[in-house]
Amino acid sequence: MKSFAVIAAALLMIAAGAGSAAAEEENIRAFFDGTLSIGSEPAGGFGKTTGFGVGESVDITDSMKLSDKNAKFHLRGDLAYYKWDDTQFGFDVSYQRIIFFFGGRYFIPMSGRGGVAPYLEGGLELSYDDVEKANSAGTVIVTDINLGLAGGAGLEIPLADDLVLGFNARFHVIDGSFLTLGASLGVKL
């Protein structure tokens with residue numbers, strides 16, 4: 001699991017570096033944020049959990065031809081971590097999930113709303129799952145890597161020129177599908 005976490009973190013850093021380089025070349029703005037979210041259960045009996053993540057969005061609107069001049073489109077990449085714990089039939093079970101998401105965000109044009117920006121998003125996910133079961137014979141660990149889709153909607157509210165508060169919901173269509181509701185704080189660069 002540690003090697004996957006290192007690889008996923010490296011991929012996020014490479015994506016962030018590539019996004020920042022593209023932003024410098026084409027005068028595109030980059031956005032970095034941290035998210036705290038609530039995740040529904042991926043399998044029966046686990047209940048809800050809290051998770052956290054980091055992400056980057058790169059505004060590529062100027063390089064696209066959108067029909068509405070007030071619309072915006074961002075490329076989005078983020079890395080999130082969730083852990084569920086449960087006791088089933090007297091045995092402790094731990095379910096950990098690290099998710100790398102890459103996709104796009106389409107900001108719906110709004111006028112006269114003070115900068116409030118609703119969006120729709122969609123993309124691909126790569127999930128590293130680690131299930132650990134402790135029983136009388138010892139601990140059994142099962143790991144798996146899954147590819148899936150995710151889609152959702154959210155809202156960004158500007159707090160200052162370069163500070164944004166965000167709220168979003170994302171449905172993860174993957175082995176052990178689940179829903180997340182998150183709040184984020186982001187910085188525009």
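For A71, are the conditions met, namely being in contact with a strand residue (DSSP E or B) (Cβ under 9 Å, 6 or more places away or on another chain), surrounded by 20 or more Cβ atoms within 10 Å (Cβ to Cβ) and at pLDDT below 90? No.
Residues that are surrounded by 12 or more Cβ atoms within 10 Å (Cβ to Cβ) and farther than 14 Å from F107 by Cβ within segment 52-68 comprise F52, G53, V54, G55, E56, listed in sequence order. Whenever a residue of segment 167-185 is within 14 Å of E41 (Cβ to Cβ), its partners that are outside any strand (DSSP E or B) and of a type in the set (A, V, I, L, M, F, W, C), lying with C-beta atoms within less than 7 angstrom and at least six residues away or across chains, give the pairs G176/A43. Answer with yes or no whether G138 is under 22 Å from S94 (Cβ atoms) and either modelled with pLDDT under 95 or touching a helix residue (DSSP H, G or I) at 6+ places or on another chain (Cβ under 8 Å) (or both). Yes; evaluated as a whole, the condition is true for this residue.
Can we say L79 is modelled with pLDDT of 95 or more and in contact with a strand residue (DSSP E or B) (Cβ under 9 Å, 6 or more places away or on another chain)? Yes; evaluated as a whole, the condition is true for this residue.
Kindly provide the set of residues from segment 82-96 that are part of a strand (DSSP E or B) and modelled with pLDDT under 90, ordered by number.
Residues satisfying the conditions are W84, D85, D86, T87, Q88, F91, D92, V93, S94, Y95.
Can you name the residue in segment 47-71 that is of a type in the set (S, T, Y) and not in a loop (DSSP other than H, G, I, E, B) and is also nearest to A30 (Cα to Cα) among such residues? If you could, list the steps in order and put the result at the bottom.
Of segment 47-71, the ones of a type in the set (S, T, Y) are 49-50, 57, 61, 63, 67.
Filter once more, keeping what is not in a loop (DSSP other than H, G, I, E, B): 49-50, 57, 61, 63.
Numbers: T49: 30, T50: 27, S57: 6, T61: 12, S63: 14 Å.
If we take residues in segment 47-71 being of a type in the set (S, T, Y) and not in a loop (DSSP other than H, G, I, E, B), then S57 is nearest to A30 (Cα to Cα).
Every residue in segment 172-189 that is part of a loop (DSSP other than H, G, I, E, B) and hydroxyl-bearing (S, T, Y), please.
Looking only at segment 172-189, we keep the residues that are part of a loop (DSSP other than H, G, I, E, B), and these are 174-177, 189.
Result: S177, single match.
Checked against (1) farther than 30 Å from G115 by Cα; (2) free of Cβ contacts under 8 Å to residues at least 60 places away in the same chain, V54 passes all but condition (1). Looking at (1) buried (at least 17 other Cβ atoms within 10 Å of the Cβ); (2) over 20 Å from L66 (Cβ atoms), which is the one condition that is false for D175? Looking at each condition in turn, D175 falls short on (1).
The values are calculated or read from the model by the stated rules, or taken from the named source; none is laboratory data. This one's a predicted model, so the numbers in the text were calculated from it and none came from an experiment. In this analysis, Cβ positions are derived from the backbone assuming ideal geometry, glycine residues included, and neighbour counts consider all displayed protein chains.
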